[in-house]
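K.L.:
Provided herewith is a single structure, encoded as structure tokens, for subsequent inquiry.
Nothing in this text is a laboratory measurement; each read-out follows from the coordinates by a stated rule. Everything numeric in this text was worked out from a predicted model, so none of it was measured. For neighbour counting, all protein chains shown are included, and Cβ atoms are generated from backbone atoms with ideal geometry for every residue, glycine included.
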Amino acid sequence: VTPTKQTHVAILTSPGMGHIIPSLELESPTLQNNQDGLNVINLPPVDMTHLVAGETSLVVRITTIVRESLASLRSIIETSQQIPTVLIIDLFSTDALDIADEFKMSKYMFCTANMSAYAFLAYLPKIKRVKNSNDLVQRVVWGVADTFEDLEQETYRALIDDEIAELIPPPSVYPVGPIIKPTVGTSQNQAIHCLSWLDNQPNGSVLFVSFGSGGSLSSEQVTELAFGLELSQKRFIWVVRNSIDFVLPSSYYLDAGNTKEIDPSDFLPDGFLTRTHQVGLVLPNWAPQVEILSHASVGCFLSHCGWNSTLESILNGVPMIPWPLFADQHLNATFLSDDIKVAARTQIPPGKEVIRREEIERMIRLVMEEGDEEGQKLRRRAKELKTSALRAISIGGSSYNSLCQLVEKWNTESDSVQL
Ligand code: UDP
């Protein structure tokens with residue numbers, strides 16, 4: 001199904017790589033490789049100096065940026081050659097719904113979290129104590145979810161169940177994921193070095209450690225993780241962030257890609273880099289994650305469980321060690337270990353406690369050692385899910401069909417606007 005000439009879809013994404021990356025990727029399959037049809041507009045930066053990172057919650061910072069950007073958005077829409085017929089917002093950009101109403105655009109929400117989070121929002125209006133909950137989802141008629149039916153069967157069935165829908169009609173949801181981030185190759189020296197290092201490691205032998213685009217750890221926790229890696233005696237790639245100016249696990253979240261150069265030896269334990277240089281690679285700030293996860297040498301992902309990282313791991317059949325830090329990451333971690341069973345069950349209590357090196361070593365060995373029965377189950381399950389994810393996005397698969405229906409719907413809606 002190809003978008004018609006009249007179909008003009010605007011996607012507004014709130015700041016944060018976890019929203020921006022899937023929103024950009026959502027456009028690719030719908031445009032069927034016709035990138036001429038894609039126009040990426042950066043809204044002008046917003047002055048945020050009055051909100052201090054570490055003192056203002058991440059959600060407040062994100063929603064403030066969206067709110068302060070509405071005037072620019074409005075003027076871009078108003079002056080565009082063809083007013084968009086559809087507006088897709090994300091969980092943090094609901095303030096833009098008034099603009100959609102003003103320009104008679106149909107309203108969709110792109111959910112870059114798991115479907116349980118979406119279902120929770122859909123049913124919030126039922127919870128009387130939540131003020132203004134109507135603004136969250138009830139004004140959005142349709143949802144687009146970066147997930148696939150087989151991954152979240154129970155939640156999906158509940159969302160489309162007639163009896164439940166009678167109680168409170170949720171916005172209908174189109175599961176179109178996992179939205180694939182193509183492995184485009186890289187020109188960055190650090191990334192090239194990292195991938196050729198992986199080429200020289202045995203299959204399934206490398207642990208990839210990363211806390212997403214902006215997650216960070218305290219100095220004490222970094223030390224424990226370093227010793228945990230050493231004790232496990234496994235090969236690893238570790239994406240590190242400066243723990244010296246650590247304030248909150250989410251402090252760097254909105255600065256991803258902007259981070260200043262760091263020297264890991266300033267905050268890793270003395271001698272760590274020398275002792276591990278034969279088996280480990282430490283990358284400051286950022287790594288080509290999709291390329292790493294799709295490499296045959298990678299056997300496990302110790303992850304903060306952001307939803308994109310979760311899907312990228314599933315799509316590549318890589319079992320996980322969950323290490324959630326904030327937001328929906330806790331929900332995802334439980335989902336991975338308890339529901340779909342592709343992640344080690346952690347004995348770490350959520351909260352501020354430091355995870356000790358022995359527990360880290362235990363989890364790494366559990367997932368990565370050939371002989372471990374529990375680890376074998378996780379690895380098998382990860383392979384099964386990979387097959388089912390690939391099936392969902394291939395021609396005729398559930399997500400492929402959902403996306404076709406969505407484009408057809410946009411075409412119909414746009415035709416009626418034009419008449
Ligand atoms: N990412 C990356 N390199 C990094 C860190 C993150 O390419 O070093 C990408 C990752 O592949 C994913 C996104 O950034 O697509 C992070 O999204 P996620 O939802 O996992 O977590 P968030 O960053 O929003 O906490």
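K.L.:
For Ala392, what charge total do you get from the other residues with a beta carbon under 10 Å from its beta carbon, if Lys and Arg give +1 and Asp and Glu give -1? Before the final figure, lay out each step's value.
P.N.:
Working: positive: Arg391; negative: Glu149, Asp150.
Net local charge, Ala392 excluded: -1.
K.L.:
Next question. Under a Cβ-only charge scheme (Lys and Arg +1, Asp and Glu -1), can you give me the dipole magnitude of the chain about the Cα centre, in debye to the nearest 20?
P.N.:
300
K.L.:
Using 0.36 nm per residue of separation minus the Cα-Cα distance, give me the extension gain between His330 and Arg356 in nm, one decimal. Walk me through the numbers on the way to the answer.
P.N.:
Details: separation 26, 0.36 × 26 = 9.36 nm, distance 1.89 nm.
Taking 0.36 nm per residue and subtracting the Cα distance, the gain is 7.5 nm.
K.L.:
Using θ = phi - 60° and the Karplus curve 6.51 cos²θ - 1.76 cosθ + 1.60, what whole-Hz ³J(HN,Hα) does each residue of region 265-279 get, with Gly and Pro shown as x?
P.N.:
Taking θ as phi minus 60°, the curve returns 5, 5, 10, 8, x, 3, x, 4, 5, 6, 5, 9, 5, 6, 10 Hz for region 265-279.
K.L.:
Scan around Arg235 for amide H atoms under 5 Å from its own, H built in the peptide plane at 1.01 Å from N, and keep only partners 5 or more places away or cross-chain.
P.N.:
When sequence neighbours closer than 5 places are left aside, the close amide H contacts are Leu207.
K.L.:
Taking the highest mean first, how do the peptides 393-400, 14-21 order by number of other beta carbon atoms within 10 angstrom per residue? Mind dumping the intermediate values first?
P.N.:
Details: 393-400: 15.4, 14-21: 21.2.
Descending mean neighbour count gives 14-21, 393-400.
K.L.:
How would you order 297-305, 328-336 from highest to lowest mean count of nearby Cβ atoms within 10 Å? Before the final figure, lay out the partial values.
P.N.:
Values: 297-305: 25.7, 328-336: 22.2.
For the peptides 297-305, 328-336, the packing ranking is 297-305, 328-336.
K.L.:
When a/c is below 1.5 the answer is rounded, else prolate if a/b is larger than b/c, else oblate, so apply that to region 180-303 with a ≥ b ≥ c taken from the square roots of the Cα gyration tensor eigenvalues. Intermediate values should be presented prior to the final figure.
P.N.:
Working: a/c = 1.72, a/b = 1.16, b/c = 1.49.
Oblate, because a/c is 1.5 or more while a/b does not exceed b/c.
K.L.:
How high is the FRET efficiency between Gln138 and Asp199 when r is their beta carbon distance and R₀ equals 41 Å, given to the nearest 0.05? Spell out each step's value before the answer.
P.N.:
Values: r = 51 Å, r/R0 = 1.25.
Approximately 0.20, to the nearest 0.05.
K.L.:
Assign one of three labels to region 248-316, namely rounded, prolate or oblate, based on the Cα gyration tensor with a ≥ b ≥ c the square roots of its eigenvalues; rounded applies when a/c is under 1.5, prolate when it is not and a/b is larger than b/c, and oblate otherwise. If you can, show how the numbers build up before the last one.
P.N.:
On the way: a/c = 2.18, a/b = 1.18, b/c = 1.84.
Oblate.
K.L.:
Here is a follow-up. What are the ³J(HN,Hα) values, in whole Hz, obtained from phi via the Karplus relation 6.51 cos²θ - 1.76 cosθ + 1.60 with θ = phi - 60°, for each residue of region 310-321 in sequence order, with x given for Gly and Pro?
P.N.:
Once θ is set to phi - 60°, the couplings for region 310-321 become 4, 5, 5, 5, 4, 5, 9, x, 9, x, 10, 10 Hz.
K.L.:
Okay, moving on. How large is ³J(HN,Hα), in whole Hz, for each residue of region 5-11 in order, when computed from phi with the Karplus curve 6.51 cos²θ - 1.76 cosθ + 1.60 and θ = phi - 60°, using x for Gly and Pro?
P.N.:
After applying 6.51 cos²θ - 1.76 cosθ + 1.60, I find 4, 6, 6, 10, 10, 9, 10 Hz.
K.L.:
Points 7 angstrom from Cα along the Cβ direction at Leu24 and Leu231: gap in nanometres?
P.N.:
Placing both labels 7 Å beyond Cα along the Cβ direction yields 3.9 nm.
K.L.:
Here's a follow-up. Can you list residues from other chains, or at least 5 along the same chain, whose modelled amide H is less than 5 Å from the amide H of Phe301?
P.N.:
Phe208, Met320, Ile321
K.L.:
Just want the answer: with Cβ charges of +1 for Lys and Arg and -1 for Asp and Glu, which residue in Leu254, Met363, Ile99 is farthest toward the dipole's positive end in the chain?
P.N.:
Checking the options against the dipole of the chain, the answer is Met363.
K.L.:
Mark the label point 7 Å from the Cα of Lys104 along Cα→Cβ and return the residues of region 397-415 whose backbone N is within less than 20 Å of it.
P.N.:
409-415
K.L.:
Hey, another quick one. Give the range of the longest stretch in the chain that excludes all trypsin sites (Lys or Arg not before Pro) found in loop regions by DSSP and having at most 12 other beta-carbon atoms within 10 Å.
P.N.:
Working: sites that count: Lys5, Lys104, Lys128, Arg129, Lys131, Lys260, Lys352.
By the stated rule (loop sites, at most 12 other Cβ atoms within 10 Å), 132-259.
K.L.:
Another question, if that's okay. Mind running the shape call on region 225-379? Use the C-alpha gyration tensor, a ≥ b ≥ c as the square roots of the eigenvalues: rounded below 1.5 for a/c, prolate if a/b tops b/c, oblate otherwise. Let's see the in-between values first.
P.N.:
Working: a/c = 1.45, a/b = 1.21, b/c = 1.19.
In terms of gyration-tensor shape, rounded.
K.L.:
Right, something else. Loop only per DSSP, at most 16 neighbouring Cβ atoms within 10 Å: give me the GluC sites (Glu not before Pro) in region 256-335, ordered by residue number. Kindly include the intermediate steps, with their values, before the conclusion.
P.N.:
On the way: sites: Glu261, Glu291, Glu312; in loops: Glu261.
Passing sites in region 256-335 are Glu261.
K.L.:
For Cys111, what residues show an amide H to amide H distance below 5 Å, using hydrogens built from the backbone and excluding near sequence neighbours?
P.N.:
Amide H neighbours of Cys111: Val144, Ala145, Asp146.
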